[in-house]
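Written out below as structure tokens is the structure these notes cover.
The values are calculated or read from the model by the stated rules, or taken from the named source; none is laboratory data. These numbers come from a predicted model, not from an experiment. Neighbour counts run over all protein chains shown; Cβ positions are idealised from the backbone, glycine included.
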């Protein structure tokens, strides 16, 4: 197995993975999307809500705010023996404000400095003059299976690595493929009078080029054991941590069978 | 987890609470094994169904154990390769 990282930052991880079965890549994708836990606001206690938004609508908005998560510091909900929520399995955030103003996610004050909204600029509620809001929000760990607010990724997808072969005997260098390709994969070199593949990894395998080629000189195939994998995080966890956690989860799933046998 | 069928050359288990993620990955690993004649899984209902894994092999238990360990090894491998240095 080989992994080559194409790009990586706190938001996104793109890599090539070679020499694996599609089933493993797909299992990881499925786990990354809905089984890796993150923090999200689960319960809101309203002390005061004079705003023109209903309590439940505001609670729902709060739930959608992505929060930075430290998986090791917080116990998952089901595994804590407190029954409801306590300092081990939850983080409390407070929101307080008096109009006229707009309260943003940055106005949420967290009891834990490690846990805060990923972005400070998400508008939560607009307050008119004199209106007041005061609430306490309880954030807990959960998974995307239960509710989409706990999904750590915004997108997670893979595609087969494209392979383009141009039969130089058949190609008449008409340049039609370069014109028709919606993704700019080809470049028609007029000096050399030759078609070049310049952006192979951007190919979506739509096969417009091979369909439009008057001489059927182009074949586009997807390699069966090489993939381009992309994870985009919502900021709650770095993308590499989401993926390594997914690996751990799959490992544990397999371990359960071993224990049973 | 539940054993549905346990014979010398056949094994069928219900992997309670799991989904396509584990079962499909395991199935492909099982099929790489030369001693395995057939490996398949089915989920009867998309929402409430539990996956049943069926193995026909010389020694199905041993093959399943081996497959699980291979899968775990691959998980570790991906993890090591992705982790920033």
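Right, residue A:21: in contact with a helix residue (DSSP H, G or I) (Cβ under 8 Å, 6 or more places away or on another chain) and either closer than 16 Å to residue A:159 by Cα or at pLDDT below 95 (or both) or not? Taking the combined requirement at face value, the residue satisfies it.
At least 3 residues being closer than 25 Å to residue A:34 by Cβ is the threshold, and among the strands (runs of 3 or more DSSP E) wholly inside the stretch B:8-73 those reaching it are B:36-43, B:51-57.
The residue list A:24, A:28, A:39 contains one member that is crowded, with 19+ Cβ neighbours inside 10 Å and either outside the structural domain of residue A:200 (by TED's automatic domain parsing) or within 20 Å of residue A:136 (Cα to Cα) (or both), which is A:39. Against the conditions (1) surrounded by fewer than 15 Cβ atoms within 10 Å (Cβ to Cβ); (2) more than 12 Å from the chain's Cα centre (by Cα), residue B:61 satisfies every one except (2).
Scan the stretch B:17-31 and tell me whether some residue there is more than 13 Å from every other protein chain (Cβ to nearest Cβ), surrounded by fewer than 15 Cβ atoms within 10 Å (Cβ to Cβ) and over 10 Å from the mean Cα position of the chain (by Cα). Among the residues of the stretch B:17-31, not one is more than 13 Å from every other protein chain (Cβ to nearest Cβ), surrounded by fewer than 15 Cβ atoms within 10 Å (Cβ to Cβ) and over 10 Å from the mean Cα position of the chain (by Cα), which makes the answer no.
Inspection of the stretch A:49-63 finds no residue satisfying the criterion of being within 12 Å of chain B (Cβ to nearest Cβ) and more than 23 Å from residue A:144 (Cβ to Cβ).
Rundown of residues vs (1) assigned to a loop (DSSP other than H, G, I, E, B); (2) within 14 Å of another protein chain (Cβ to nearest Cβ); (3) closer than 19 Å to residue A:70 by Cα; (4) touching a residue at least 12 places away in the same chain (Cβ under 8 Å), yes/no style:
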| residue | (1), (2), (3), (4) |
| --- | --- |
| A:201 | no, no, no, yes |
| A:204 | yes, no, no, yes |
| A:209 | no, no, no, yes |
| A:222 | no, no, no, yes |
| A:249 | no, yes, yes, yes |
| A:257 | no, yes, no, no |
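The selection criterion, being surrounded by 13 or more Cβ atoms within 10 Å (Cβ to Cβ), in contact (Cβ under 8 Å) with a residue 24 or more places away in the chain and in a helix (DSSP H, G or I), does not hold for residue A:228. In the set B:3, B:13, only one residue is out of contact with any helix residue (DSSP H, G or I) (no Cβ under 6 Å at 6 or more places or on another chain) and crowded, with 17+ Cβ neighbours inside 10 Å; that residue is B:13.
To keep it simple, each residue is scored yes or no on (1) assigned to a loop (DSSP other than H, G, I, E, B); (2) in contact with a strand residue (DSSP E or B) (Cβ under 8 Å, 6 or more places away or on another chain).
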| position | (1), (2) |
| --- | --- |
| A:3 | no, yes |
| A:24 | no, no |
| A:29 | no, yes |
| A:69 | yes, yes |
| A:73 | yes, no |
| A:82 | yes, no |
| A:93 | no, yes |
| A:97 | no, yes |
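Consider the stretch A:6-42 and keep the residues that are at the interface with chain B (Cβ under 8 Å from one of its Cβ atoms) and without any contact (Cβ under 8 Å) to a residue 24 or more places away in the chain. The one that is farthest from residue A:92 (Cα to Cα) is A:23.
Would you be able to say whether some residue in the stretch A:36-56 is assigned to a helix (DSSP H, G or I) and under 28 Å from residue A:123 (Cα atoms)? Yes, because at least one residue in the stretch A:36-56 is assigned to a helix (DSSP H, G or I) and under 28 Å from residue A:123 (Cα atoms).
Against the conditions (1) outside the structural domain of residue A:161 (by TED's automatic domain parsing); (2) under 22 Å from the mean Cα position of the chain (by Cα); (3) at pLDDT below 95, residue A:61 satisfies every one except (3).
Results for (1) surrounded by fewer than 20 Cβ atoms within 10 Å (Cβ to Cβ); (2) assigned by TED's automatic domain parsing to the domain that holds residue A:11, shown as yes or no for each residue.
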site	(1), (2)
A:102	yes, no
A:113	yes, no
A:118	yes, no
A:123	yes, no
A:134	yes, no
A:137	no, no
A:171	yes, yes
A:175	yes, yes
A:197	yes, yes
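Looking at the stretch B:48-63 only, could you name the residues that are within 13 Å of chain A (Cβ to nearest Cβ) and in contact with a helix residue (DSSP H, G or I) (Cβ under 7 Å, 6 or more places away or on another chain)? Selection gives B:51, B:53, B:55, B:63.
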